[in-house]
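Working notes, structure below.
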Amino acid sequence: GDTKQVYLLTATPVNNRLTDIQHLLELFSRNKADHFKSIGINSLPGHIRKLDKALNADPAAELDTRAVGEVLKKDVLFETLIVQRSRTFVRESQRLHGGKQTVFPEREPPKVAGYNARKTYGKLLKMVEDAFEKEKPLFALAIYNPYDYWKEGVAKPDEFTVGRAGQIIALIRTQFLKRFESSSYAFEQSCNRMLKKLLAFAERYAVSAAQKRRLDGWLKDHKDIIGYVGQRQLELFPDPDAEEEADEDFITDEMREAVELADEENLNLSEMFADTLADLVQIGAFLEELQKFKVKDDDKLNSLIKLLKTDKVLKSNKVLIFTEFGETARYLKQHLDAAGIAGVAQVDGSSSANARGQIITRFAPYYNGSSSAELGDTEIRVLISTDVLSEGLNLQDATRLINYDLHWNPVRLMQRIGRVDRRLNPDVEKRLVADHPEQKDLRGKVAYWNFLPPEELNSLLSLYAKVTHKTLRISKTFGIEGKKLLHPDDDYEALRDFNKEFEQGQSAAEKLENEYDRLVVADPALPERLAKLPGRVFSGKRHPAAGTTAVFFCYALPGHDPATDTWTEDAGRAAWYLFDLASGKIDDDPTTIADAIRCGPETPRYCTIPQVTLAEVRTKMEAHIKKAYLRSVQAPVGIVPVLKAWMELN
């Protein structure tokens, strides 16, 4: 029912844009634009657009983290609805209130597992870079974007449909690039699938004699490639049921039917055919180069095997290896087994929920209600996974993690790391160490490696920006704890939290909350005494900044209570203001105001501002609140801010 209080818990309120948080809030507002009008937001989408524009005036530019913090920390939407807690705040709060202490592991700075992409890929790396420099980067992909081939004078579909097709093209190109960075096998499988799709289109729409000659010429020149694609999957991952399909046509009638175009009478099909044939030439060149690829030359794979065999912890303890793609996960499983690494398992999106559950328990028995004794020789030591295991699971039996590929979203990388960098349970830790005393020194210390091609990383990132038309600006708006992500010497702005603090430091707002809690712990009678103070209580002190005169105000701003259709203090919020007498400027940021008003019982009372001046300032202050707050929330006539306390500073 509507009376229930609901909290939405998320580790990633913002992934790419502020609209991410808008969509989360719409779960509550049910797409009613003025749902938050009681806090002055008459249109949620409009408010988000305005904020995003303020934060991202130039879509191609990196966001200024400092500007993000300044804009968002003063925004009423985020101030009212978002609660964010750092680990430091949790520890301090539990200490103050005498709760059971939560234990978080120490995370070491990331290590880079370097490899030589040029050694691994040979000429292919340059071929991919050159392909992205074309006018239509990598592939034209006419079949996915027919609106680029619309006949002159014929009206196109609506703007949304056309725009969505363009976005699909960008996604496909991005996927190719990501899979290329992941593994040669994942990239190869993408090429294989695209080859079949485009070839089916070319065969269906080769109408003229000239087109058929060109297609026959391509098929003749690439006979070996077609045979290679047909056999490649069976070689790497034999399928006992696949022999019956071995004699099937490479391109079936069903595949040709699947590429039928809905608007072919409106399209310049000859141009689409020409671009598709050009794509086939490009894919053919990639696959010819991939045919020469030998696993023994895969420097990235060899670097992983060497790391697992030589690192003093990794060679005998649990390690979680993340990749974005199931094909890379299966490729790694096969070759780690072949390299003689014991206890390896692999899980991806095609694994059933039941199979995943069993694998999780076999890899992390102690944090999933089991133990090594119960599992015996079925326990897993090395788990290779896609991001199906990157959220919400307890895998803290492991203290080591490897990112085999670079997820373009830093939030995802942090989620992966969060599988092992999680709250520890003291009881579980005791059981684990009792059974495995050799792990005592590893517990509570997390380390991870990122596989990065040092020389080639910049070119890959610039290609990513070229394809997606955006840089890695994710999560600059909201916090994920941890300053370092890719390199041990990173000062990577995208990972600073909402108030520009790092994991070892609390946000300014958290510090204020802890400060009040410390006062209450020191004097438990304080809340009751504060409640008995009269309204509009007044005092004064010297301003910490020399030559400055100001007045501090604390107001209760009434809010609308939909249940009773009344305006009450309880439904509203408290607000702090600092009115500078010289400039007339009003500061409403509690974190800066706190530094000006902070005082103790020993602080001398100091009041020199004339009563008439104080009265004038208060009138101006309430006029400001009426304009800035009451009008924006559409409060009815007669609803006024309630002065709770004020103080002069001079």
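Residues in the range 146-158 that are at pLDDT 90 or above and closer than 12 Å to residue 263 by Cα were compared, and the one that is most open to solvent (accessible area, probe 1.4 Å) is 151. In this structure, residue 129 does not satisfy being of a type in the set (D, E, K, R), open to solvent by less than 20 Å² (accessible area, probe 1.4 Å) and outside any loop (DSSP other than H, G, I, E, B). The set of residues in the range 128-180 that are over 16 Å from residue 193 (Cα atoms) and aromatic (Phe, Trp, Tyr) comprises 132, 147, 149, 150, 160. Looking at the range 426-439, which of the residues that are of a type outside the set (D, E, K, R) and open to solvent by 60 Å² or more (accessible area, probe 1.4 Å) is nearest to residue 374 (Cα to Cα)? Restricting to residues being of a type outside the set (D, E, K, R) and open to solvent by 60 Å² or more (accessible area, probe 1.4 Å), the top hit is 434.
Of all residues in the range 544-573, those that are under 18 Å from residue 41 (Cα atoms), modelled with pLDDT under 90 and either among the basic types (Lys, Arg) or in a strand (DSSP E or B) (or both) total 6. Taking the range 257-350 and the helices (runs of 4 or more DSSP H) fully enclosed by it, the elements with 3 or more residues that are farther than 29 Å from residue 388 by Cα and open to solvent by 10 Å² or more (accessible area, probe 1.4 Å) are at 269-291.
Of all residues in the range 440-450, those that are in contact with a helix residue (DSSP H, G or I) (Cβ under 7 Å, 6 or more places away or on another chain) and open to solvent by 20 Å² or more (accessible area, probe 1.4 Å) total 2. Test residue 443 against the criterion of being in contact with a strand residue (DSSP E or B) (Cβ under 7 Å, 6 or more places away or on another chain) and either farther than 20 Å from residue 178 by Cβ or free of Cβ contacts under 8 Å to residues at least 60 places away in the same chain (or both), and give yes or no. When the stated conditions are applied, residue 443 does not pass them.
Could you tell me whether residue 199 is open to solvent by less than 10 Å² (accessible area, probe 1.4 Å) and in a helix (DSSP H, G or I)? The answer is yes for residue 199. Of all residues in the range 132-165, those satisfying the criterion of being touching a Phe, Trp or Tyr at 6+ places or on another chain (Cβ under 8 Å) and farther than 26 Å from residue 329 by Cβ are 142, 143, 156, 157, 161, 162, 165. For residue 511, the stated conditions do not hold, so it cannot be described as in contact with a helix residue (DSSP H, G or I) (Cβ under 6 Å, 6 or more places away or on another chain), within 30 Å of residue 585 (Cα to Cα) and modelled with pLDDT under 90. Among the residues of the range 34-56, are any open to solvent by 80 Å² or more (accessible area, probe 1.4 Å), at pLDDT below 80 and outside any loop (DSSP other than H, G, I, E, B)? There is at least one residue in the range 34-56 that is open to solvent by 80 Å² or more (accessible area, probe 1.4 Å), at pLDDT below 80 and outside any loop (DSSP other than H, G, I, E, B).
A count restricted to the range 582-609 and to residues that are open to solvent by 30 Å² or more (accessible area, probe 1.4 Å), in contact with an Asp or Glu (Cβ under 9 Å, 6 or more places away or on another chain) and assigned to a loop (DSSP other than H, G, I, E, B) stands at 4. Of all residues in the range 332-353, one or more are among the charged types (D, E, K, R), under 21 Å from residue 406 (Cα atoms) and either in contact with a Pro (Cβ under 8 Å, 6 or more places away or on another chain) or at pLDDT 95 or above (or both).
Across the range 132-145, the qualifying residues are those that are assigned to a helix (DSSP H, G or I) and within 18 Å of residue 269 (Cβ to Cβ), and the one among them that is least open to solvent (accessible area, probe 1.4 Å) is 142. Pairs linking a residue in the range 552-568 that is in contact (Cβ under 8 Å) with a residue 40 or more places away in the chain and among the hydrophobic types (A, V, I, L, M, F, W, C) to a residue that is part of a loop (DSSP other than H, G, I, E, B) and open to solvent by 50 Å² or more (accessible area, probe 1.4 Å), with Cβ atoms under 9 Å and 6 or more positions apart or on different chains, are 563/2; 563/3; 567/636; 567/638. Only residues that are open to solvent by 50 Å² or more (accessible area, probe 1.4 Å) and at negative phi were counted in the range 20-33, giving 4. Scanning the range 224-268 for residues that are modelled with pLDDT under 85 and of a type in the set (Asp, Glu) returns 235, 239, 241, 243, 244, 245, 247, 248, 249. For the range 164-191, the tally of residues that are of a type in the set (S, T, N, Q), open to solvent by less than 10 Å² (accessible area, probe 1.4 Å) and more than 25 Å from the chain's Cα centre (by Cα) stands at 1. Across the range 415-448, the number of residues qualifying as of a type outside the set (Ser, Thr, Tyr), under 23 Å from residue 386 (Cα atoms) and touching a Leu at 6+ places or on another chain (Cβ under 7 Å) comes to 4. Would you point out which residue out of 612, 617, 633 is open to solvent by less than 30 Å² (accessible area, probe 1.4 Å), assigned to a helix (DSSP H, G or I) and not basic (Lys, Arg)? Residue meeting the stated conditions: 617.
Tallying residues that are more than 25 Å from residue 597 (Cβ to Cβ) and buried (at least 18 other Cβ atoms within 10 Å of the Cβ) within the range 544-581 yields 2.
Considering 118, 91, 85, the condition of being under 29 Å from residue 292 (Cα atoms), modelled with pLDDT under 85 and open to solvent by 30 Å² or more (accessible area, probe 1.4 Å) is satisfied by 118 alone. Touching an Asp or Glu at 6+ places or on another chain (Cβ under 8 Å) and part of a helix (DSSP H, G or I) - does that describe any residue in the range 149-162? For the range 149-162, residues touching an Asp or Glu at 6+ places or on another chain (Cβ under 8 Å) and part of a helix (DSSP H, G or I): present. Total residues in the range 546-575 satisfying the condition of being touching a Phe, Trp or Tyr at 6+ places or on another chain (Cβ under 7 Å) and within 17 Å of residue 649 (Cα to Cα): the figure is 5.
For the range 1-16, does any single residue satisfy the condition of being modelled with pLDDT of 70 or more, open to solvent by less than 60 Å² (accessible area, probe 1.4 Å) and either in a helix (DSSP H, G or I) or of a type in the set (Asp, Glu) (or both)? Within the range 1-16 (the criterion being modelled with pLDDT of 70 or more, open to solvent by less than 60 Å² (accessible area, probe 1.4 Å) and either in a helix (DSSP H, G or I) or of a type in the set (Asp, Glu) (or both)), the answer is no, since none of the residues qualifies.
The values are calculated or read from the model by the stated rules, or taken from the named source; none is laboratory data. Here the structure is a predicted model, which means the values were calculated and not measured. Here the Cβ is made from the backbone with ideal geometry for all residues, glycine too, and neighbour counts use every protein chain on show. Keep in mind that these areas ignore ligands, DNA and RNA; they rest on the heavy atoms of the full protein, side chains included. Shrake-Rupley method; radii C 1.70, N 1.55, O 1.52, S 1.80 Å.
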